[in-house]
Amino acid sequence: MKEWKASAPAKIILLGEHAVVYNKPAIAIPVNDVRAFVTIKTDSNSDVPVIRANDLDIEYSFKKKSVPKKIEHIAKAIQLVKDKTRSQYPYKGWRLSLSSDIPIARGMGSSAAISVSLIKALYQFLDKDLAQSLLIDLSYELEKFHHGTPSGIDNAVISLESPILFQKERGFSMFRSKTFHFVIGDTGIGKNTASIVKNVAERYKKNRASCKAIFEAIGSVSNQGLDALRFGQNEKLGRLMNLNQSLLDELGVSSPELEHLIRQSLENGALGAKLCGAGKGGCMVALAESRAKAGKIADKLIQAGAKQTFLTTLKGVNKK
Ligand code: PMV
């Protein structure tokens, strides 16, 4: 039996979500300890490929005609890699298993991490080289399948496993950050990115001037945040996160549950806090002075009703 393995991290958008859709800069960081995993194994007991999605408890054999909707994205990745490399998969019987520690639909990049780990494992299986730029392009194709018109920030930060400044029409730049400690709190409420992005677009159509000003202000927060990260300015970054949160709230993408966790974190010593991702549910992120303080804030968030929390420390280029 032969085996190929790949994984990809979760991510959070630290500053700039939504405005990034309107070509403003945003900052995203990987969350390296929370990951999606893909394993491909040869399987002499089967003469067709089999997909197993462990978290969804779905197993699908290519003998059956239609792929279950919940794992269509996996079949899509298999086809995309086959077409792109113009190759045939080398064994008749093989088994692809997918599992992920990243909560689904919470703004932590679950779909992009699954896409990136699938592409990496399938390229290894086909014994083909995969340049980072191609990984970003292919994972963007799969993101479009999930979300319609994504900005591209999620699949870029997850492919690169490094903090990035991202701007839609300029692409990304990696940067070296000083050390920062964050706690992520999950409201436990799933959200639909495509529909929230659509709501913002409708708001923009109706209130062009005010939305434009919000996007402009968020873009400026991201640019200032880049300096704060590069120069280790904890308090400044915290203030920028708070400012970003009030701008996102003005845009109508916050929620009482997010506000509640954000307030709890600030009352318990966070230097700044905001929702992360599309909003209206999903996760919030708070900045703490130290890992120990992040742990204390995490405990308070659980007491305040968070479904789960994650601690993450950002350091350097942050590649695993
Ligand atoms: O919640 P997520 O991880 O899907 O992030 C959405 C981020 C948005 O800026 C709202 C949309 C995008 O495509 O960048």
Would you mind computing Rg(Cα) / (2.2 N^0.38 Å) for region 145-214, counting N as its residues? 1.39
For Ile58, what residues show an amide H to amide H distance below 5 Å, using hydrogens built from the backbone and excluding near sequence neighbours? Ala53
Can you give me the long-range amide H partners of Asp43? Hydrogens built in the peptide plane at 1.01 Å from N, cutoff under 5 Å, separation of 5 or more residues or another chain. Gly93, Trp94, Arg95
Would you mind checking the radius of gyration and Dmax of region 49-148 based on alpha-carbon positions, in Å? 13.2, 37
Counting Lys +1, Arg +1, Asp -1, Glu -1, what net charge surrounds Ala156 among other residues with beta carbon under 11 Å of its beta carbon? -2
Return a whole-number percent for the relative contact order of the chain, with Cα pairs under 8 Å and 6 or more residues apart as the contact set. 23 percent
In degrees, nearest ten, helix 256-267 long axis to first principal axis of the chain (Cα): 60 degrees
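Report D for region 211-275 in µm² per second (integer): Stokes-Einstein, Kirkwood Rh on Cα pairs, 10 °C, 1.306 mPa s. Write down the numbers at each step before the final one.
Details: Rh = 12.2 Å.
D = 131 µm²/s.
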Principal axis lengths of the chain from Cα atoms, whole Å, largest first? 58, 43, 33
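Count the net charge of all other residues whose Cβ sits under 13 Å from the Cβ of Gly225, scoring Lys and Arg as +1 and Asp and Glu as -1. Can you show the working numbers first?
Values: positive: Lys24, Lys178, Arg230, Lys236, Arg239, Lys274; negative: Glu17, Asp227, Glu235.
Local net charge: +3.
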Karplus (6.51, -1.76, 1.60) ³J(HN,Hα), θ = phi - 60°, over region 127-133, in Hz, Gly and Pro reported as x: 6, 10, 6, 10, 6, 4, 5
Using the Karplus equation 6.51 cos²θ - 1.76 cosθ + 1.60 (θ = phi - 60°), what ³J(HN,Hα) coupling, rounded to whole Hz, does each residue of region 68-83 give in order, writing x for Gly and Pro? x, 3, 5, 10, 4, 5, 6, 4, 5, 5, 4, 5, 4, 5, 4, 5
Angle in degrees between helix 110-125 and the longest Cα principal axis of the chain, rounded to the nearest 10: 30 degrees
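In the structure displayed, which of Lys120/Lys178; Lys11/Lys191; Lys144/Lys280 lie more than 24 Å apart, Cα to Cα?
Details: Lys120/Lys178 29 Å; Lys11/Lys191 16 Å; Lys144/Lys280 21 Å.
Check vs 24 Å cut-off fails for Lys120/Lys178.
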Using θ = phi - 60° and the Karplus curve 6.51 cos²θ - 1.76 cosθ + 1.60, what whole-Hz ³J(HN,Hα) does each residue of region 197-211 get, with Gly and Pro shown as x? 4, 5, 4, 5, 4, 5, 4, 5, 4, 7, 10, 4, 5, 5, 5
If we sort 125-135, 215-225, 201-211 on the protection proxy, mean other Cβ atoms within 10 Å, highest first, what's the order? 215-225, 125-135, 201-211
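All of the numbers you see were taken from the coordinates with simple rules; none came from a lab. The shown structure was predicted, so the numbers you read here are calculated from the model rather than taken from an experiment. Neighbour counts run over all protein chains shown; Cβ positions are idealised from the backbone, glycine included.
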